[in-house]
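Shown next, in structure tokens, is the structure this report addresses.
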Amino acid sequence: MRLFGRVRACSAALRALIAAGALIASGAGARAEDGVGHPVPGQIGFQVGVTDIARDIHGFYDNLLFPIITVISLFVMVLIGICMVRFNERANPVPSKTTHNALLEVAWTIVPVLILVVIAIPSFRLLTKQLELPKPDITIKATGKQWYWSYDYPKDQDGGFNFDSARVEEKDAKTVPDFINLLSVDNEAVVPVNKNIQVNVTGADVIHGFIVQSLGVRIDAVPGRLNSTWFRADREGIYYGQCSKLCGKDHAYMPIAIRVVSQPAYEAWLQDAKKKYAQTGQPQRFADASSALAGVAATTDQR
Ligand SMILES: [Cu+2]
């Protein structure tokens, strides 16, 4: 019976903790507005979402996962605290020989299962929304390479060109307006606002990861395979992402930059881009990439 008394005491403590968790969670929802499209120093929480899916993902974490994590962590901490204070050798010199308690064992099996079900339902709904591609207004292809991205704009959508998009180094900061170190690129991928954009993603050499947090996009770029994702941004701006797979020595230096513009601005850009990137099959941007690969292969062979 003493055990049940303790469980009841714990549940009262849990209720207090739930209230505290909700309080913390509501604070965690606050975000720096100037962090639109990119992270800012000292930022806590996600970048501002500009697609329904991004907002849903962030809401899923802020409103469900974070409170659950907080409550469970505090609950376990309280249990450990109770054990340390009430059941140490001095306070409790003759320990109980109890080994089984059917009700408690059923509870600590069922409760975690219920928690997982509560998490799984909205999680699967979100995954379906991400992976079921709506009819695209525009399709582009992003290819991960060591260590930059290439974008293809198909001919049947007034494109018919491709270009490389590589990081701009700090010494060249002046060549890019609103330079952000490690994120700014020379050629951004441009897409129109409020349109379904399908991105077909692949890798040319090793596995890369195509993620843009503000757009709620995350998909692997796998050589020999075409993965598709989509987004519909409802706000103009530049949205940055980074490769999320350890893909080699410059993994950290192959940012993704998607510029979302109005439809007329997009059409104007298409005309300019067609001229600018007229020649297909551009020269290899980093001649050293292939030689670096050859170097890796040579080292591997020697082993
Ligand atoms: Cu990569």
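Quick one: what do you get for region 138-280 if you divide its Cα Rg by 2.2 N^0.38 Å? Please report the intermediate quantities before stating the final value.
Working: Rg = 14.1 Å, N = 143, 2.2 N^0.38 = 14.5 Å.
So the Cα radius of gyration is 0.97 times the expected 2.2 N^0.38 Å.
The residue list ALA142, PHE124, GLY159 was ranked by how far each Cα lies along the charge dipole of region 118-159 toward its positive end, using unit charges on Cβ atoms, and PHE124 comes out on top. Remark on region 56-119: ratio of C-alpha radius of gyration to 2.2 N^0.38 Å is 1.54. What the Cα atoms of region 49-200 give is an Rg and a Dmax of 26.5, 82 Å.
Taking the inverse of the mean reciprocal distance over all distinct Cα pairs, the Kirkwood hydrodynamic radius of region 148-221 comes to 14.1 Å. In the structure shown, the pairs LYS155/LYS249; LYS195/LYS274; LYS174/LYS276; LYS245/LYS275 are assessed against 24 Å; a Cα-Cα span above that value is assigned to LYS155/LYS249; LYS245/LYS275.
Just so you know, all these numbers are worked out from the coordinates, no wet-lab data involved. Because the structure is a prediction, the values reported are computed rather than measured. Cβ coordinates were reconstructed from backbone atoms using ideal geometry, including for glycine residues, and neighbour counts include every protein chain displayed.
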